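Beneath this line is the structure, given in structure tokens, with notes to follow.
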Amino acid sequence: MSKLSKLLAIGTGIAIANYYSKNQKKAEEHAEYVKKKSKDYYGYTRCMIRYTKKNGVEEAAIYLYNDLVKNLKKAKNALENKYNDAVDYGKELSNNVTDIKGHVSNVKEYTAEVKENLGDAKKIVEDLKPSIESYAEKAKESFEKIKDQVANIKKDVDESHVQEKVEDFANKSSETLESVKERVETEVLNNTPENQEEK
């Protein structure tokens with residue numbers, strides 16, 4: 001082995017040791033994988049040696065060739081399935097991206113419309129603000145005037161003794177009504193046809 005090969009082997013060994021010292025779980029996983037594959041390969045090799053002794057080298061080569069072709073086809077089918085799945089997944093992602101782009105463009109249009117409506121609303125509010133402030137001032141002045149007028153009316157009512165006058169009017173009206181009622185009763189009763197015949 002040349003010095004360069006030795007350095008390369010040592011560097012690779014150090015890199016592997018460093019990797020597995022940092023990733024203990026990976027070391028365990030890979031060790032199990034290597035054990036399993038070694039066991040499988042050792043068992044397969046022993047099986048092929050027995051087969052060769054029993055059936056001859058030519059028959060063993062044909063068997064080995066057929067087994068290799070079978071495994072290659074299996075690997076090819078697995079790769080094709082993964083590729084087809086990946087292509088289908090890519091198509092699905094592409095469709096989703098198209099849908100998302102459509103939704104994004106709809107949101108952009110809606111946002112632009114909302115911004116435009118907000119701009120219009122701000123203009124309307126700015127246009128209405130002086131009118132509303134003027135109306136509020138006028139309403140406040142009107143309420144103050146009404147309040148003053150109510151106070152004046154209350155004062156006038158208190159000063160002119162309206163309550164007493166109303167009560168006096170009610171009493172006089174009651175007396176007048178009683179007197180009218182008595183007259184009506186006496187005149188009506190006196191002027192009935194029965195009373196006039198007696199006279």
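The values are calculated or read from the model by the stated rules, or taken from the named source; none is laboratory data. Just so we're clear, the structure is a prediction, and the values are computed from it rather than from any experiment. Cβ: placed from backbone, ideal geometry, glycine included. Neighbour counts: every protein chain shown. Surface accessibility is based on the protein's heavy atoms, side chains included, excluding ligands, DNA and RNA. Shrake-Rupley method; radii C 1.70, N 1.55, O 1.52, S 1.80 Å.
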Review point. Which of the residues that make up the range 21-55 are charged (D, E, K, R) and either touching a residue at least 40 places away in the same chain (Cβ under 8 Å) or loosely packed, with under 10 Cβ neighbours inside 10 Å (or both)?
Key: 22, 25, 54
Practice item. May I ask you to verify whether residue 4 is among the aliphatic types (A, V, I, L, M) and either in contact (Cβ under 8 Å) with a residue 60 or more places away in the chain or surrounded by 10 or more Cβ atoms within 10 Å (Cβ to Cβ) (or both)? Key: no
Exercise for review: May I ask you to verify whether residue 75 is open to solvent by less than 80 Å² (accessible area, probe 1.4 Å) and in contact (Cβ under 8 Å) with a residue 12 or more places away in the chain?
Suggested key: no
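Just to be sure, is residue 58 loosely packed, with under 10 Cβ neighbours inside 10 Å and assigned to a helix (DSSP H, G or I)?
yes
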